[in-house]
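Read-outs: derived from the displayed coordinates by stated rules, not from any lab. Computed from a predicted model, the values in this text were never measured in an experiment. Every residue, glycine among them, receives a Cβ derived from its backbone with ideal geometry; neighbour counts consider all protein chains shown.
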Amino acid sequence: MTNRNAVASRSTKETQITITLEILTAGKAGSFLGTSGIGFFDHMLGAFATHGGFNIKLECSGDLEVDGHHTVEDTGIVLGNAFGKALGARVGIARFSSVFVPMDEALTRAVVDVSGRPFLVFEADFRDSKVGDYDTGLTEEFFRAFAFSAGLTLHIKNEYGSNDHHKIESIFKAAARAVSAAVFIVGEDMPSTKGVI
């Protein structure tokens, strides 16, 4: 299986973002380079890249003097666009996957259908409004932007946990592992009765 690569960009009055993405072959850890300007968000993008087997390079400038919303959401949009480009026609992919990932006392389930029909179901409650300089509520915004831009049906449920850092990290890792398994090449056929995704 050859690596799949893409570059995607978005420039608005609020953010200027470019992402270079490489979907690696199975069993290889990915890497994250760059910064969003939000420390904890960078930590989560690093976890997503490493555990998904994705090399992600981020170039980002955002209006952090307002807050982190535009930066986090637009990063999700651009990363989703890069995935859409890298996957191409999506021939031969597994398409579906479901995983559970723990992070100490926290446990999250992520289920993916690389369907071309974007949808997000997100269930998680956070005790605090922030982890470091990151707004915890932006976790859902990131995954909504990512799922809709990549054409994924994505269900995420944090089953339980008490530490918001652990809960959010388990969410990012579970989503990464689920996406990785769903886009893995398992054959040569289009995994759809419609003949197209």
Seminar exercise, completed: Least to most buried among VAL114, VAL66, VAL131, VAL7, by other C-beta atoms within 10 Å and fewest first, runs VAL66, VAL7, VAL131, VAL114
Problem set entry | Summed side-chain charge close to PHE100 - residues other than PHE100 whose Cβ falls under 13 Å, Lys, Arg +1, Asp, Glu -1 | +3
For this session: Round to the nearest 10 and give me the degree value, 0 to 90, for the angle of helix 69-87's Cα axis relative to the longest principal axis of the chain.
Result: 10
For this session: Within 10 Å of each residue's Cβ, count the other Cβ atoms and sort LEU107, LEU152 from fewest upward.
Result: LEU107, LEU152
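About the Cα centre of the chain, what is the dipole size in debye to 20, counting +1 per Lys and Arg Cβ and -1 per Asp and Glu Cβ, all else neutral? Intermediate values should be presented prior to the final figure.
Numbers: 18 positive and 24 negative charges, 196 e Å.
Roughly 940 debye, rounded to the nearest 20.
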Problem set entry | Positive dipole terminus of the range 4-183, leading residue within VAL99, GLY39, GLY76 (C-beta point charges) | VAL99
For this session: Give the angle, between 0 and 90 degrees and rounded to the nearest 10, that separates the Cα long axis of helix 138-150 from the longest principal axis of the Cα atoms of the chain.
Result: 20
Exercise. Quick one: which of 71-80, 87-96 comes out on top by average Cβ neighbours within 10 Å, and what's the full order, highest first?
Worked result: 71-80, 87-96
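Treat the count of other C-beta atoms within 10 Å as a stand-in for reagent exposure and order PHE184, PHE41 from fewest to most. Show your work: numbers first, answer last.
On the way: PHE184 17, PHE41 26.
Ordered by Cβ neighbours within 10 Å, fewest first: PHE184, PHE41.
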Exercise. Taking a point 7 angstrom from the Cα of ASP189 along the C-beta vector, which residues in the range 72-103 have backbone N less than 15 Å away?
Worked result: 91-96
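Just to confirm a number: summing +1 for Lys and Arg and -1 for Asp and Glu over residues other than GLU14 whose beta-carbon lies under 12 angstrom from that of GLU14, what do you get? Write out the running numbers ahead of the final one.
Details: positive: ARG10, LYS13; negative: ASP63, GLU65, ASP67, GLU73, ASP74.
The answer is -3.
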Problem set entry | Count of lysine pairs in the chain with Cα separation under 24 Å (8 or more residues apart, or interchain) | 13
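Considering only DSSP beta bridges where both residues belong to the chain, give the percentage that are antiparallel (nearest 5). Walk me through the numbers before you get to the answer.
Numbers: 35 of 44 bridges.
Bridges in the chain that DSSP calls antiparallel: roughly 80 percent.
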Exercise. Going 7 Å from the Cα of VAL196 in the Cα-to-Cβ direction, what parts of the range 76-100 have a backbone nitrogen less than 14 Å from that spot?
Worked result: 89-91
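Quick one: length gained pulling ALA94 to ASP128 fully straight, 0.36 nm per residue minus the C-alpha distance?
Values: separation 34, 0.36 × 34 = 12.24 nm, distance 3.70 nm.
Between ALA94 and ASP128, full extension yields 8.5 nm more.
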